[in-house]
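Everything on this sheet refers to the single structure shown next.
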Amino acid sequence: MTFQTMVGELAYAFINTFLIFAFTLLGALPLGLIVYFCKKSRFLPLRWITEVYISVMRGTPLILQIMVIYYVPSLVFEITFPGNWRFYAVVVAFIVNYAAYFAEIYRGGIESIEIGQYEAAQVLGYGKLQTFVKIILPQMVKRTLPAVTNEVITLVKDTSLASAIGTIEMFTKAKQIAVSPRSPGMMTFLVAGVFYYVFNAIVAFVMKRIEKALNYYQ
Amino acid sequence: MHILDIQNVRKSFGDNEVLKDISLTVDKGEVVSVIGPSGSGKSTFLRCATLLETMDSGTLRYMDEPVATMENGRIVYTKDLKKVRGYFGLVFQNFNLFPHYSVLKNVTDAPIHVQKRPKEEVRAQALELLDAMGLGDKANAYPCQLSGGQKQRVSIVRALAMNPEILFFDEPTSALDPELTGEVLKVIRQLAEQSMTMVIVTHEMAFAHAISDRVIFMDGGVIVEQGTPQELFEGTKKERTRQFLQNYQR
Ligand SMILES: Nc1ncnc2c1ncn2[C@@H]1O[C@H](COP(=O)(O)OP(=O)(O)OP(=O)(O)O)[C@@H](O)[C@H]1O
Ligand SMILES: [Mg+2]
């Protein structure tokens, strides 16, 4: 296998890496907010469930969570999913895991907002939903952006964990290429590393731009 | 008709009884100052009147409409609090402007999205008010770009843009440097001249003396004395009031 073919195959597999990354963010960023609300719910059992969920997500390895979500439905409940379950299982695991982290980040952001903001909104007659959407949420987004950026960058690297169940993405592909006969061998991983690095540089750049855009106020 | 009629307010935080049977009525165009030592319950009283705290017992009416009433010994608040909130405005010590909104949006957002008034009308009124308060060139600035005195004036405009019947101030100048206090007091004085109904908690005795129709001295959760500024500041018969005022004599 030539160097070019190897790079080409990694690039092709990177599409899946990117999809896992994008779907995870699309799912986990909003789900984290829902998790936060569940944790703050007045309904005690829901609060307990959420606490347990968050602590399990944070207290166990992500790779294990991926395997549980992938294997348990078929092994224990004998459910078979149509289509590319390997891929979806990874995305589901990532969304569920990252939502727990985002929920905690949002909590920190929301709780850091001065009580006076709520009081001013209340006196002006804003409803609860209006207050959250118009007053609290935008300030929370700004305050949590650095922490969210950290998670997003970690996510790029975490996508490689999908290889634990053989989901085809760039890292799985790199492993396959590296052990195949007459391949560029270890060089493959080096190139994969460059892909991750460049992608993360782009992510960091985009997040910086967003941070800058929100710098119009302190 | 009274603009504000609040009677027999009691409020405790745990074992700490902060308001012990306080009553106050305010009529149209009146300017009432509330003075008293730290911890006497002035803010708590204002927060009860502006629905930021629920009273333990007492009655509250705005424009003769019942807001809180006693039924079988229990306090009951009306369901339609949104309408009630339209009757009053509150100016905070720390401004509490919305940092992510421009000055103009701070002022116009609630009239447009809470009161559902026409955008253009609200905008025109807001610009006029900002102009009158010497903030004509700040409409597009953000709160972080303003001085403390400017922020407080914006927050006064924000309250005024709701067209309230009565405006409450909780130590509007206490967070300001002395040289910025004057510009805010001047604006409040302007409002008094326009017959705005106001209740002002303040430590600025000379100011209270100058603009109030009535001064209330609170201590330990009760109203110790009330009367005209002359009665209180110049001819008080109460030892407690005299003691308190002495700390402000220079
Ligand atoms: N949310 C609260 N929880 C518990 N105690 C409170 C709360 N708010 C006020 N208090 C207590 O109530 C008492 C009266 O406080 P309040 O803020 O009304 O006084 P104040 O007259 O406004 O004083 P200052 O001049 O310092 O502003 C104080 O003892 C205060 O500690
Ligand atoms: Mg106070």
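Using only the Cα atoms, what convex hull volume per residue in Å³ does chain B have?
For chain B, the hull spanned by Cα atoms encloses 137 Å³ per residue.
Which FRET efficiency value, to the nearest 0.05, is calculated for B:S57 and A:F77 with the Förster distance at 56 angstrom and r the Cβ-Cβ distance?
For R0 = 56 Å, the calculated efficiency reads 0.45.
What FRET efficiency, computed as 1/(1 + (r/R0)^6) with R0 = 30 Å and r the Cβ-Cβ distance, is obtained for A:A147 and A:I15, rounded to the nearest 0.05?
After rounding, the FRET efficiency stands at 0.60.
Between A:S112 and B:Q190, what is the FRET efficiency for a Förster distance of 35 Å, r being their Cβ-Cβ separation, to the nearest 0.05?
Computed FRET efficiency for A:S112 and B:Q190 comes out at 0.45.
How high is the relative contact order of segment A:3-216, in percent, with contacts defined as C-alpha pairs under 8 Å that are six or more residues apart?
Relative CO of segment A:3-216 lands at 29 percent.
Using only the alpha-carbon atoms, what does segment A:3-216 span along each of its principal axes? Please give whole angstrom values in decreasing order.
Dimensions of segment A:3-216 along the principal axes of its Cα atoms: 73, 47, 27 Å.
Ordered by packing density, taken as the mean number of other Cβ atoms within 10 Å over each peptide's residues, highest first, how do A:168-178, B:232-242 rank?
Going by the mean number of other Cβ atoms within 10 Å, highest first, we get A:168-178, B:232-242.
Taking the Cα of A:N200, stepping 7 Å toward and past its beta carbon, and measuring to each backbone N in segment A:159-177: which are under 16 Å?
A:159-162, A:170-171
Can you bin segment B:78-199 into rounded, prolate or oblate? Criterion: square roots of the alpha carbon gyration tensor eigenvalues sorted a ≥ b ≥ c, rounded for a/c under 1.5, prolate for a/b above b/c, oblate for the rest.
Since a/c reaches 1.5 but b/c is at least a/b, the shape of segment B:78-199 is classed as oblate.
Kirkwood-based Rg over Rh for segment A:1-58 (C-alpha set), two decimals?
When Rh is taken as the Kirkwood radius, the ratio is 1.35.
Could you work out how far helix A:85-111 tilts from the main Cα principal axis of chain A, as a 0 to 90 degree angle to the nearest 10?
30 degrees
Where in segment B:130-148 does the label zone of B:D177 land, with the point 7 angstrom along Cα→C-beta and an amide N cut-off under 14 Å?
B:146-148
For segment A:1-43 and segment A:111-179, what is the separation of their Cα centres, given in Å?
A separation of 12 Å, based on Cα centres.
Could you pull out the pairs from A:K134/B:K82; A:K40/A:K142; A:K128/B:K116; A:K128/A:K208; A:K157/A:K208; A:K175/A:K208 whose alpha carbons sit more than 24 Å apart here?
Distance filter (> 24 Å) returns A:K128/A:K208; A:K175/A:K208.
Along the principal axes of its C-alpha atoms, what lengths does segment A:96-218 span, in descending order and rounded to whole Å?
Cα spread of segment A:96-218 along its principal axes, largest to smallest: 73, 29, 17 Å.
Contour minus end-to-end for A:K208 and A:L26, with contour as 0.36 nm per residue of separation and end-to-end as the Cα-Cα distance?
Result for the pair: 63.6 nm of gain on full extension.
For labels at A:Q130 and B:Q230 in the simple 7 Å Cα→Cβ model, what's the distance in nm?
The two pseudo-label positions are separated by 4.6 nm.
Give me the dipole magnitude in Debye, nearest 20, for the protein assembly as shown about the Cα centre, with unit charges on the beta carbon: positive for Lys and Arg, negative for Asp and Glu.
About 1420 debye.
Nothing charged except the Cβ atoms of Lys and Arg (+1) and of Asp and Glu (-1): what's the magnitude of the dipole of chain A about its Cα centre? Round to the nearest 20 debye.
Once rounded to the nearest 20, the dipole reads 240 debye.
Looking at the square roots a ≥ b ≥ c of the eigenvalues of the Cα gyration tensor of the protein assembly as shown, which shape do they give, rounded for a/c under 1.5, prolate if a/b is larger than b/c, or oblate?
Note, shape of the protein assembly as shown comes out prolate.
Once you order the gyration tensor axes a ≥ b ≥ c over the Cα atoms, which shape class does segment B:26-107 get: rounded for a/c under 1.5, otherwise prolate or oblate by comparing a/b with b/c?
Cα axes put segment B:26-107 in the prolate bin.
Under the rule of -39500 (n - 2.57) per DSSP H run of 4 or more residues, summed and divided by the residues of chain A, what mean residue ellipticity at 222 nm is obtained, to the nearest 500 deg cm²/dmol?
-25500 deg cm²/dmol
Return the single residue from A:F18, A:F102, A:F81 with maximal mean-square fluctuation; model: Gaussian network over chain A, springs between Cα atoms under 10 Å.
Taking springs between Cα atoms under 10 Å, the residue moving most is A:F81.
Taking 0.36 nm per intervening residue step and subtracting the Cα-Cα distance, what contour gain separates B:Q246 from B:H203 on full extension?
The span from B:Q246 to B:H203 would gain 14.2 nm if fully extended.
For chain B, modelled as a Gaussian network with Cα springs under 10 Å, which listed residue fluctuates most, B:K42, B:K116, B:K138?
Ranking B:K42, B:K116, B:K138 by mean-square fluctuation puts B:K116 first.
Can you tell me the order of B:6-15, A:179-188 when each peptide is scored by its average per-residue count of other Cβ atoms within 10 angstrom, highest first?
Top of the packing list down: B:6-15, A:179-188.
No lab work stands behind these numbers, since they all come straight from the coordinates. No experiment lies behind these values; they were computed from the predicted model shown. Every residue, glycine as well, gets a Cβ built from its backbone with ideal geometry; the counts of neighbours run over all protein chains shown.
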